[in-house]
1. Quick check: anything in the stretch 151-165 away from the ligand (no atom under 16 Å from the Cβ) and at pLDDT below 95?
2. Name the pairs whose Cβ atoms lie under 9 Å apart, with the first residue in the stretch 37-64 and assigned by TED's automatic domain parsing to the domain that holds residue 16 and without any contact (Cβ under 8 Å) to a residue 40 or more places away in the chain, the second near the ligand (Cβ under 8 Å from one of its atoms) and part of a loop (DSSP other than H, G, I, E, B), and 6 or more positions between them or separate chains?
3. Would you check which residues across the stretch 19-40 are of a type in the set (A, V, I, L, M, F, W, C), more than 22 Å from residue 147 (Cα to Cα) and near the ligand (Cβ under 7 Å from one of its atoms) and list them?
4. Looking at residue 247, is it out of contact with any Asp or Glu (no Cβ under 6 Å at 6 or more places or on another chain), surrounded by fewer than 13 Cβ atoms within 10 Å (Cβ to Cβ) and at pLDDT below 95?
5. In the set 85, 81, which member is within 12 Å of the ligand (Cβ to nearest atom), surrounded by 16 or more Cβ atoms within 10 Å (Cβ to Cβ) and within 25 Å of residue 199 (Cβ to Cβ)?
6. Among the residues of the stretch 271-285, count how many are surrounded by fewer than 17 Cβ atoms within 10 Å (Cβ to Cβ) and assigned to a helix (DSSP H, G or I).
7. Find the helices (runs of 4 or more DSSP H) located wholly in the stretch 148-236 whose residues include 3 or more that are among the basic types (Lys, Arg) and on the phi < 0 side of the Ramachandran plot, and list them.
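The values are calculated or read from the model by the stated rules, or taken from the named source; none is laboratory data. This is a predicted model, so every value here is computed, not measured. No Cβ is skipped: glycine too gets one built from the backbone with ideal geometry, and neighbour counts run over all protein chains shown.
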Amino acid sequence: MYKLTNPSEIKQLMNKYGKTFKKALGQNFLINEKVIDNIVAGSNITQNDMVLEIGPGIGVLTFKLAQTGARVVAVEIDSLLMPVLEETLAEFDNVEIINADFMSIGMDKLINEKFDEKKVKVAANLPYYVTTPIIMKLLEYKDFVESITVMVQKEVAKRLVAQHNTSDYGAISIAVQYRTKAEIIDMVPAADFMPMPKVDSAVVRLTVLDKPPVKVSDEKLFFKIVKGGFALRRKTLQNSLSGSVSGISKEQVAEALEYVGLSPTIRGEALSLQNYADITDYFVKNI
Ligand code: SAM
């Protein structure tokens, strides 16, 4: 039995199956057991849970997820890892590995066939090249997701939890915080991975909310306005919004800002979630 956090044993295991690290697939494997324990503990998994992991790699996190007794389904894109996972997870009958690209997997089918329509807890050390699309895909199916506890690049983590009036705040902060309670639960140095990446990482926990923290009268328009608000970051909201959302003029943005009691020269990054909701409401009523 291999110790999956031990670098020389990882190499040994990979050599056995003629496997090398694929940088393009974000294959930086965790080698600090404490961090893996923190992801599992932070996910609050019990044996009655359904767990979805994206990118099990050689199974170091999968192993600990499986030990909770929960049902674990892990989606791994790299077919060369299939025999490795078969060996490292051989003792569990509550784990299923799917060899597929998570981005092209049908979520409806997955929820239906693998999770019996039950809500899932997502736990993963995400491949960095596709972190945001994976999180957005999961949030599209938020009614079937209870929480998402994932390792991401530190810079991304900061953006997910950022509040207004900070340089990390952007459309992604709002998209995530509109649907979840977002927290950073662990900071992880680059040295905790093999091979060592260039940047540090962090574990974020996104707990899906029963209802959004602000009332939005038209979600589609809300997200259009949020995107427009950050389109020209250095410009005022008036310029950014009117320059990027068709059908919205500078004058209308000025009227909306006055209506919600904000300065006419305010920038998009200074608006809270509530401010964006209020502006959306104004446009719904007045355009
Ligand atoms: N869970 C392991 C760990 O913590 O050591 C590996 C994490 S590694 C950062 C990311 C994993 O995601 C790799 O095994 C990689 O092959 C896999 N992966 C990359 N792109 C993927 C995709 N689109 N769908 C599913 N898995 C993917």
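1. Scanning the stretch 151-165, I find no residue that is away from the ligand (no atom under 16 Å from the Cβ) and at pLDDT below 95, so the answer is no.
2. Note: pairs meeting the criteria are 62/56.
3. Selection gives 25, 29.
4. Criteria met by residue 247.
5. Going through 85, 81 in turn, just one is within 12 Å of the ligand (Cβ to nearest atom), surrounded by 16 or more Cβ atoms within 10 Å (Cβ to Cβ) and within 25 Å of residue 199 (Cβ to Cβ): 81.
6. 3
7. 154-161, 219-229
Condition check ((1) surrounded by fewer than 16 Cβ atoms within 10 Å (Cβ to Cβ); (2) among the hydrophobic types (A, V, I, L, M, F, W, C); (3) within 17 Å of residue 207 (Cβ to Cβ); (4) within 9 Å of the chain's Cα centre (by Cα)) across all residues:
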residue	(1), (2), (3), (4)
122	no, yes, yes, no
128	no, no, no, no
133	yes, no, no, yes
141	yes, no, yes, no
145	no, yes, yes, no
152	no, yes, yes, yes
155	yes, no, no, no
158	no, no, no, no
